[in-house]
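A short write-up of the structure that comes next.
The values are calculated or read from the model by the stated rules, or taken from the named source; none is laboratory data. Fair warning: this is a prediction, and the values are worked out from it, not measured in the lab. Note that we place each Cβ from the backbone using ideal geometry, even for glycine, and neighbour counts take in every protein chain shown.
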């Protein structure tokens, strides 16, 4: 009996430690997502300022546009992929934390009153996710901005490289931007849907 109590105590201690580790991981994913988003937006802002100073010289403007913008565009793709990774990691961590909380609730009759679990009516911690919730993530935000940048690059290439009429170049840029945004959201949706296969999480 003493051995059983000792094993149970050791197990609960290990589970408590695991919960603490998962909480740290969840916090780090949010921090990393914010940092990466800030780096991308700061880089884009600096690039736009540089382009603005070169606006008086078409040759210099074209040179900067065809070097700075593609670089920032690639940085945007890398950022989106990593932001989706952090979203998937956060979903997985929160699901594991919920299982540990369920275990703690079952340890004592007062558990349900002291440790609140996710409600089927109100959702996770008071936030009810829907199928369109992925549209409001950091990855979607950066993806939307990067899609606009990709469309602008196409328009500039058509105008400066092929002497296409500005209206036609703008229409082409908008079309490419919409395709890029669709591709980004589709990729994010598939990744998050795979990570949210549990019946408790619907995104």
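Tabulated values for the structure
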item: In the stretch 167-203, the residues that are assigned to a loop (DSSP other than H, G, I, E, B), surrounded by 13 or more Cβ atoms within 10 Å (Cβ to Cβ) and either out of contact with any helix residue (DSSP H, G or I) (no Cβ under 8 Å at 6 or more places or on another chain) or modelled with pLDDT of 95 or more (or both); result: 202
item: Any hit, the stretch 158-165, residues being assigned to a helix (DSSP H, G or I), surrounded by fewer than 20 Cβ atoms within 10 Å (Cβ to Cβ) and within 25 Å of the chain's Cα centre (by Cα); result: no
item: Test: residue 6 is within 28 Å of the chain's Cα centre (by Cα) and assigned to a helix (DSSP H, G or I); result: no
item: Check on residue 26, in contact with a helix residue (DSSP H, G or I) (Cβ under 6 Å, 6 or more places away or on another chain), more than 25 Å from residue 140 (Cβ to Cβ) and surrounded by 14 or more Cβ atoms within 10 Å (Cβ to Cβ); result: no
item: The stretch 36-68: number of residues that are closer than 16 Å to residue 138 by Cβ and either surrounded by 13 or more Cβ atoms within 10 Å (Cβ to Cβ) or touching a residue at least 40 places away in the same chain (Cβ under 8 Å) (or both); result: 7
